[in-house]
Amino acid sequence: MNAGKKPCLSGRGVTKEFGFGRNKTVAVDGVDFDFYEGEIISIVGESGSGKTTLAKMLLGLINATEGDIFFQGKKRNIGSHRKKKEYWKSIQAIFQDPFSSYNTFNKIDSVLLDCIRMRGGGRLPREKKIELMTEACSFVNLKFEELTNKYPFELSGGQQQRLMIARIFLLKPQILLADEPTSMIDACSRTTILDTLMQLRDEIGMTPIFITHDIGLAYYVSDTVYIMERGKFVESGTADQVILNPKKPYTQRLINDVPKIYEEWDLSTV
Amino acid sequence: MKHTIRQVFRSGKFVVGFSIFMGILLIVTFYPLIIRDAPLKIIGQGTFFAPGIYVNVYDSMGSPHYTILLDDAAAKRIADKLDDDDRQAIKEWLVAAGISEDAIEIENTESLLDLWVNNFDPTTRIPGMTNADRNYYIRLNTALDGLLSTEGAIVASVNPETGALEEKGVIRQTDYVNVNQVPNVRVLPLGTDNFGRDVLTELVQATAVSLRIGIVAGLIATFIGLVLGLVSGYIGGLVDDVIMFITNLFIVIPSFVLLILISFSIGQEQRGAFTIAVVIGFTSWVWTARAVRSQVISLRNRDHVNLSKLSGHSIAHIIAFDILPYIASYVVMALILQISSGILAEAGLSILGLGPRTTDVPTLGLMMNWAMIYQAHILGKWWAYFPVIIVIALIAFSMNLMNTGLDQVFNPALRD
């Protein structure tokens, strides 16, 4: 099914352990994966299954205990700060909790200006920078004139998360790791955020990787779904394969946990 | 920022502590502008003059004299001269002479003297009384007679040519001078110390020097602790291990012992106030380093730090802008505590005789040291050490109050 597509991010035996001896916890247990360019990927699992740890390893924020991560076919090398910076030009993230994602001492302008600088636009004239920021904000339905000189905590959760997408719009990475991008936001804003993300994907041609506990969301957005249980991928395939014909009881349980609006809940199984 | 400052000043504890501290600072700043004496100038010949107003006797003879008639003046004069032992002796004589014990009021000077003047007769033989005792009573009677006289005293000076005494004037017992008209009056609110120096002037200067020592020591300790804590907490790994090893070494060796050893090895002559401050600073950074490290470790995995990394910022930038502002309030509180403990450490060192050398400036610890060496506490000369203790206590108290107030503002869980 993936013939002719290039893997942009692959892993072989990626493992992360925390602690020593009796306190040792294996958060990610030797996973193999190939994420192909242009696909929308979801990693689904319950809390504590190692999704976020895997995401941090993919981002290069923490090092894997064992195993290799390949970026665009080559073994990833992010030893020095310069190489890391180069790597982060092609892979970016949206975090789960917008309220703790921003430095409360920095204004919104500086969040966006950092992105322009990252793309090498640090020496652009001020008008050009404002133009870029305005464009990014209007893409996510925010008004830059209203945001300038404000602090991120003065915005609502949905607005903060949209600002995060505006960041991505400015950075134009090849891969976007979205770690539960909608779990801290009210249900109404959820679809808006997801739609904006999809629109952004079409615009700049990136590969989004969703990390979520919500299998409904995974089915709604993704092409390929990976199911993660206790640090391992237990099932993977296209969204239709995995969700319509789950092979593992774990997957079935995840599917059953999604509340359905039109059906009556069977409280006896809860 | 503005909001935080307003909140800080709404905290009662902080305001009280801040006012006390500011009061001390104001006194320390403005007192030397008003009283321009050198703090270590020896003005009194003798040790431990009691607090009070000192009027020049020579000048008071030349000042205009006013006659004021007061009924109890004589009684007061005698009461001042009669000490408790004399009163007891008078009572014993009167009882032996056959006066009923109930009629004698030892505290009532007037009635006691009346009884004495009416009944005393040097020729009366009291059984069992030695000659020495009899002579004592005769001397006492003469002294009281002199006090009771209304003659006044003649002031005379020596004529340089003839060598004869010439009368300059008579000072009567009803003569008064107005203190404001005497040219030389010195108020010593806290008396003088063992060297005859004005304690208040010395104390103000000592407070200023001690505060300076505390601030320098606190700044050095906080700076070292902050830098080591930030580096070891954020970078982690081997760097963390090495720094924590050094820190733990410093914790195991009590810093005061270290302070004593360093201070001793520097030698008396090299120990200026600034040197002592630096030594205190270099031995007391340990707890700040540990506390900052643990705060940084909890901060370094927060999402905003990750976002800053993803925005391509360097480690220095992240530490300075994404970690430091979050622990700034904590560092300010640590600084306040370090200043107050620096002042206490200086006092402790000086009491042991390992403080700054004694020739340039007084410090609170040195004043305690002097008072102790010259046994002010045994002699009951409270003014030599008690004000110093009060000042040390006030400084520590105000700083701890400020610290608690800040803590309550920055840590809402502690608000009452």
- Item | q = 0.08, 0.15, 0.16, 0.18 Å⁻¹, the range B:1-149: log10 I(q)/I(0) [Debye, one scatterer per Cα] | -0.55, -0.94, -1.00, -1.13
- Query: Over what distance in Å are the Cα centres of the range B:152-215 and the range A:34-77 separated?
  - Reply: 88
- Task: Round to the nearest 0.05 the FRET efficiency obtained for B:S294 and A:D97 when R0 = 30 Å and r is the Cβ-Cβ distance.
- Result: 0.85
- Message: With bins 20 Å wide starting at 0, give me the P(r) of chain B over every alpha carbon pair, in whole percents.
- Response: 19, 35, 25, 15, 6, 0
- Give me the angle, in degrees from 0 to 90, between the Cα long axis of helix A:187-204 and the longest principal axis of the Cα atoms of chain A, rounded to the nearest 10. 70
- Item | Sum of side-chain charges, A:I78 neighbourhood, beta-carbon under 10 Å (Lys, Arg +1; Asp, Glu -1) | +4
- Label point 7 Å out from B:I154 along Cα-to-Cβ: which residues of the range B:34-69 have amide N under 19 Å? B:61-62
- Query: If you stretched the chain out fully between B:A132 and B:A103, how much longer would it get, using 0.36 nm times the residue separation minus the C-alpha to C-alpha distance?
  - Reply: 7.7 nm
- Okay, helix-only estimate at 222 nm for chain B: each DSSP H run of n ≥ 4 adds -39500 (n - 2.57), divide by all residues, round to 500 deg cm²/dmol; what do you get? -20000 deg cm²/dmol
- Message: I need A:Y219, B:Y66 ordered by Cβ neighbour count within 10 Å, fewest first.
- Response: B:Y66, A:Y219
- Item | Mean Cα-pair separation over length for the range B:313-416, i.e. relative contact order, pairs under 8 Å, 6 or more apart, % | 27
- Query: Taking the simple approach of a point 7 Å from Cα along Cα-to-Cβ for both B:I53 and B:D360, what is their distance in nm?
  - Reply: 3.9
- Task: Rank the residues B:T363, B:T201 as a footprinting-exposure proxy: fewest other Cβ atoms within 10 Å of their Cβ go first.
- Result: B:T201, B:T363
- Size-normalised alpha-carbon gyration radius of the protein assembly as shown, reference 2.2 N^0.38 Å: 1.62
- Note on chain B: helices (DSSP H) long enough, at least 30 Å by alpha carbon along their axis, and hydrophobic enough, mean Kyte-Doolittle at least 0.0, are B:12-34, B:199-235, B:324-351, B:386-410
- Hey, could you get me the Stokes-Einstein D for chain A, Kirkwood radius over alpha-carbon pairs, 20 °C and 1.002 mPa s, rounded to whole µm² s⁻¹? 109
- Note on the structure: Expressed in µm² per second, the diffusion coefficient of the range B:279-397 from the Stokes-Einstein equation, with Rh the Kirkwood radius over alpha carbon pairs, at 4 °C and 1.567 mPa s, is 74
- Item | Exposed-site-free run, longest, chain A (rule: GluC sites (Glu not before Pro); DSSP loop; at most 10 other C-beta within 10 Å) | A:1-262
- Note on the structure: Exposed-loop cut sites defined as GluC sites (Glu not before Pro) in DSSP loop states with at most 16 other Cβ within 10 angstrom; longest site-free run of chain B spans B:270-416
- Task: Give the longest segment of chain A that steers clear of trypsin sites (Lys or Arg not before Pro) in DSSP loops with at most 13 neighbouring Cβ atoms within 10 Å, not counting the sites themselves.
- Result: A:25-122
- Which of the lysines could be linked to A:K248 by a straight reach, that is with a Cα gap under 30 Å, when you skip same-chain ones fewer than 8 residues away? A:K5, A:K6, A:K16, A:K24, A:K51, A:K56, A:K232, A:K260
- For the range A:1-95, what's the radius of gyration and Dmax over Cα atoms, in angstrom? 14.0, 46
- Task: Using the number of other C-beta atoms within 10 angstrom as an exposure proxy, rank A:S10, B:S157 with the fewest first.
- Result: B:S157, A:S10
- Item | Cα-based reach from B:K41 at 18 Å (exclusive), listing aspartates and glutamates while leaving out same-chain residues under 8 positions away | B:D193, B:D198, B:E202, B:D360
- Any idea what log10 I(q)/I(0) is at q = 0.13, 0.23, 0.28, 0.31 Å⁻¹ for the range A:42-88, Debye with uniform C-alpha scatterers and no solvent? -0.34, -0.90, -1.13, -1.24
- Item | Relative intensity, log₁₀ I(q)/I(0), of the range A:145-212 from a Debye sum that treats every alpha carbon as a point, q = 0.19 Å⁻¹ | -0.77
- Task: Using Cα positions and a limit of under 18 Å, work out the lysines in reach of A:K143, with same-chain residues fewer than 8 apart set aside.
- Result: A:K107, A:K128, A:K129
- Query: By what distance, in whole Å, do the Cα atoms of the range B:73-148 stretch along each of the three principal axes, largest value first?
  - Reply: 36, 27, 20
- Label point distance in nm, B:K76-B:A164, each placed 7 Å from Cα along Cα→Cβ: 3.9
- Per-residue average of other protein chain Cβ atoms inside 10 Å, peptide A:53-60 -> 1
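Laboratory data are not the source of any read-out in this text; all were calculated from the coordinates shown. Here the structure is a predicted model, which is why all the values come from computation and not from measurement. Here Cβ is always computed from backbone atoms with ideal geometry, including for glycine, and neighbour counts include all displayed protein chains.
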